[in-house]
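What follows is a set of notes on a single structure, which appears directly below.
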Amino acid sequence: MIPALSVKHAGKTFKRQNAEPLEALKDVNLEIKAGSIHGLLGPNGAGKSTLISLISGISVADQGSIEVFGLDVAKQTQAAKQIQGIVPQEVVVEPAFTVREVLYYFSGMYGVPAGERDARIDAVLKDLALSDKAEERARSLSGGMKRRLMIAKSIIHKPKLLILDEPTAGVDVALRQKIWELVRRLRDEGTTILFTTHYLEEAEQLCDRITLINHGRIIKDGSLKDLQQEFSKNVITFELYDREATALSGVVADGNAYHFPMTDLAKDMRTLTEHYQSNIKSIRSEAVSLEKIFLELTKD
Ligand SMILES: Nc1ncnc2c1ncn2[C@@H]1O[C@H](COP(=O)(O)OP(=O)(O)OP(=O)(O)O)[C@@H](O)[C@H]1O
Ligand SMILES: [Mg+2]
């Protein structure tokens, strides 16, 4: 199956006045499976938005190639753009137009057939809870509503690849939940989603796969479970009341505590509780959070 996104050896360097050129992306390789939600994470300045601007054809890579559903972004730019929806990091709206006019304009630009436009507009207005704002000018919307309008614009043509650059930055809890629901629903309907976030909890909740980027390089790529497994200590730690209890194969003493290598949490817990029974004073396993992994990987 053709991947939704295939980035190969992509590089981007910015020329700067009175400073050395800045290599914002270095040999970036990334593949996203169609129908998945993919999170792109990294500290400020890591290169996330730069990568997004290359994928969406806003700027051009200096090295490498980028394909969206098999379409080369540098050579088949228009066709590649038509199947994408993009929500940039900065909020931009067309202030003088009403919400409906904005959506009408974008539906035409993205080639939604004239006979289907009104129905599509009503559908996305409903999806983003903007129906009662349809006739208001974009400038009169609140910040959160502007962000919703940007998302509405980006999905008006049912894109195959939807790219959201920090869609939930500065939005309230209820709206975040709504955006999550929408993202999940779009994925279930077949849209592939690439999004960036600084909320690691959000990535844990939503993503099928996660890519960590730092200083313009991809430093890790995998499912949350892969990452957790790689970084977990894979041990169960416990304490006993009676330290003279018969040893269990695999258990190692460490000060007052004992460690047991973990393979399957439920099974291992059962083994230990059956062996030591009420002798167990405390027992825990450490599930590493994405936050810990992130901090570990991005510390300089
Ligand atoms: N047009 C530009 N000219 C010069 N430097 C740029 C330009 N755009 C981005 N950069 C630099 O490239 C690096 C990557 O920036 P980018 O916006 O991709 O980061 P980011 O990962 O999206 O960060 P954030 O989380 O803050 O949005 C930064 O050092 C930034 O200053
Ligand atoms: Mg950014």
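None of the figures in this text is laboratory data; all of them are computed from the coordinates on show. Everything quoted here is computed from the prediction, not taken from an experiment. Virtual Cβ from ideal backbone geometry, glycine too; neighbours counted across all protein chains shown.
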> Kirkwood Rh, the chain, all Cα pairs: how many Å?
Replying inline: 21.8
> What FRET efficiency would be calculated for the residue pair GLU189, LYS292, taking the C-beta separation as r and a Förster radius of 45 Å, to the nearest 0.05?
Replying inline: 0.85
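Write down the Å³ per residue value for the convex hull defined by the alpha carbon atoms of the range 229-298. Before the final figure, lay out the partial values.
On the way: hull volume 6.7 nm³, N = 70.
Hull volume normalised by residue count: 95 Å³.
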>> Sequence gap at least 6, Cα distance under 8 Å: using those rules, report the relative contact order of the chain to the nearest whole percent.
In response: 20
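Work out how much length GLU101 to LYS299 would gain on full extension: take 0.36 nm times their residue separation and subtract the Cα-Cα distance, in nm to one decimal.
On the way: separation 198, 0.36 × 198 = 71.28 nm, distance 4.65 nm.
Stretched out fully, the GLU101 to LYS299 stretch lengthens by 66.6 nm.
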> In which sequence would HIS38, HIS275 go, from the one with the fewest C-beta neighbours within 10 Å to the one with the most?
Replying inline: HIS275, HIS38
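Counting only trypsin sites (Lys or Arg not before Pro) that sit in a DSSP loop (anything but H, G, I, E, B) with at most 14 other Cβ atoms within 10 Å, what is the longest stretch of the chain containing none of them? Provide the component values of the computation, followed by the final result.
On the way: sites that count: LYS33, LYS75, LYS233, ARG243, LYS299.
Longest site-free region, per DSSP loop and neighbour criteria: 76-232.
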> What is the log10 of I(q)/I(0) for the range 118-246, computed with the Debye formula using one identical point scatterer on each Cα and no solvent, at q = 0.23 Å⁻¹?
Replying inline: -1.45
> Using the alpha-carbon centroid of each, what span in Å lies between the range 242-270 and the range 12-61?
Replying inline: 46
>> Please compute the alpha carbon radius of gyration of the range 56-101, then divide it by the globular-protein estimate 2.2 N^0.38 Å. Two decimals is fine.
In response: 1.47
> How big, in percent, is the set of alpha carbon pairs in the range 35-170 lying more than 28 Å apart?
Replying inline: 20
> P(r) of the range 11-58 in 10 Å steps, Cα pairs, percent per bin?
Replying inline: 21, 51, 22, 5, 1
